[in-house]
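The values are calculated or read from the model by the stated rules, or taken from the named source; none is laboratory data. What you are looking at is a predicted structure, and each value in this text was computed from that prediction instead of being measured. Using ideal geometry, Cβ is built from the backbone for each residue, glycine included, and neighbour counts are taken over all protein chains shown. The accessibility values were calculated without ligands, DNA or RNA, using every heavy atom of the protein model including side chains. Shrake-Rupley method; radii C 1.70, N 1.55, O 1.52, S 1.80 Å.
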There are 2 protein chains.
Amino acid sequence: MGISIKEASEKLGLAPHTIRYYEKEGLLPALQRDEYGNRIFEEKDLESISLLNCFRVTGLPVATLKQMVDLTLQGDSTIPQRAAILREYKQDLVRQQQELDRAFAIVNMKLSKYDLLEQGQLAPQDRMGL
Amino acid sequence: MGISIKEASEKLGLAPHTIRYYEKEGLLPALQRDEYGNRIFEEKDLESISLLNCFRVTGLPVATLKQMVDLTLQGDSTIPQRAAILREYKQDLVRQQQELDRAFAIVNMKLSKYDLLEQGQLAPQDRMGL
DNA sequence: TCTTGACGTAAAGTACACTTTAAGCCGTAT
DNA sequence: ATACGGCTTAAAGTGTACTTTACGTCAAGA
């Protein structure tokens with residue numbers, strides 16, 4: 001049925017330690033164990049972890065994820081609080097999007113400038129920092 | 001002519017300490033001082049710091065920024081190395097862009113689902129984690 | 001049987017980027 | 001004249017998210 005932490009780790013691209021850490025922090029409250037106490041991962045667990053990881057790598061702190069999980073365990077009455085957290089998080093995603101756009105623009109500009117310089121097409125006074 | 005660290009800090013939205021930290025790490029090698037040793041910031045310094053900050057908040061480590069600054073100080077012969085760093089960084093920006101897109105999609109889906117649930121329009125079995 | 005490898009826990013350690021602390025100098029306002 | 005606010009330095013401290021270590025259990029293969 002379910003898979004081991006090693007297999008889950010490989011499917012998710014996360015270290016086994018990181019998954020144990022997430023469980024210890026209360027991010028995976030429904031994880032099953034086998035007769036020896038080993039964690040068993042089903043498809044829904046992999047999806048949960050993948051979602052947690054997606055939010056994590058885009059800047060949502062572990063503590064906030066924990067808060068969301070706890071609210072979810074309390075039932076539908078906490079939906080307004082969860083929605084509030086998500087709306088704030090979304091604002092942050094927008095900010096990150098803007099920063100990413102700016103970084104892209106600068107990198108592309110510099111890379112084309114480097115190309116021209118390597119071909120000797122650009123005068124020195126047209127150069128810029130970094 | 002130039003402005004103080006306090007003013008620069010306000011213009012950039014960075015703590016004065018952070019700017020001093022960047023200078024100490026070698027990220028600002030050309031910063032001028034006044035007769036009392038106080039840092040003086042000109043427009044080009046603000047631009048440099050703003051660029052450094054843009055790259056930083058989009059995941060480029062301080063150590064890599066330092067590497068770029070050092071290479072730049074060595075002249076045009078290091079352009080190939082700088083271009084290589086920027087290309088790798090750009091790859092990472094693409095990865096971040098994808099993660100951001102996924103996070104946006106999930107957040108939007110959840111927010112609309114919350115809206116429907118609050119209106120009692122959605123059956124319980126249609127609900128999802130978090 | 002015994003070693004190997006994967007799993008477990010708890011706790012300490014690491015990496016990164018600041019951030020705070022401590023101590024001191026400088027020019028102006030009271 | 002002396003206290004205040006802003007600047008300086010060097011070094012220690014903080015927060016976050018892992019990551020590593022140390023130690024122990026278990027089941028299968030040589």
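Residues of region B:1-19 that are away from DNA strand C (no atom under 14 Å from the Cβ), buried (at least 17 other Cβ atoms within 10 Å of the Cβ) and in a helix (DSSP H, G or I): B:Ala8 alone. So, in region B:81-126, exactly how many residues are over 20 Å from A:Gln91 (Cα atoms), at pLDDT below 95 and more than 7 Å from chain A (Cβ to nearest Cβ)? Qualifying residue count for the region: 9.
Looking at region A:39-62, can you tell me whether even one residue there is assigned to a helix (DSSP H, G or I), modelled with pLDDT of 95 or more and among the aromatic types (Phe, Trp, Tyr)? Yes, some residue in region A:39-62 is assigned to a helix (DSSP H, G or I), modelled with pLDDT of 95 or more and among the aromatic types (Phe, Trp, Tyr). When B:Ser77 is tested against (1) open to solvent by 80 Å² or more (accessible area, probe 1.4 Å); (2) under 17 Å from A:Gln97 (Cβ atoms); (3) of a type in the set (Gly, Ala, Ser), only condition (2) is not met. Here B:Lys66 fits the description: in contact (Cβ under 8 Å) with a residue 40 or more places away in the chain, open to solvent by 40 Å² or more (accessible area, probe 1.4 Å) and basic (Lys, Arg). With the requirement that a residue be within 17 Å of the chain's Cα centre (by Cα) and open to solvent by 40 Å² or more (accessible area, probe 1.4 Å), what does region A:20-33 give you? Within region A:20-33, A:Arg20, A:Tyr21, A:Glu25 qualify. Output the residues belonging to region A:34-57 that are open to solvent by 50 Å² or more (accessible area, probe 1.4 Å) and away from DNA strand D (no atom under 14 Å from the Cβ). Matches in region A:34-57: A:Glu42, A:Glu43, A:Lys44, A:Glu47, A:Ser48.
Looking only at region A:66-80, which residues are assigned to a helix (DSSP H, G or I) and either more than 9 Å from every other protein chain (Cβ to nearest Cβ) or within 25 Å of B:Leu60 (Cα to Cα) (or both)?
Within region A:66-80, A:Lys66, A:Gln67, A:Asp70, A:Leu73, A:Ser77, A:Thr78 qualify.
Of all residues in region B:1-33, those satisfying the criterion of being among the acidic types (Asp, Glu) and in contact (Cβ under 8 Å) with a residue 24 or more places away in the chain are B:Glu7, B:Glu25.
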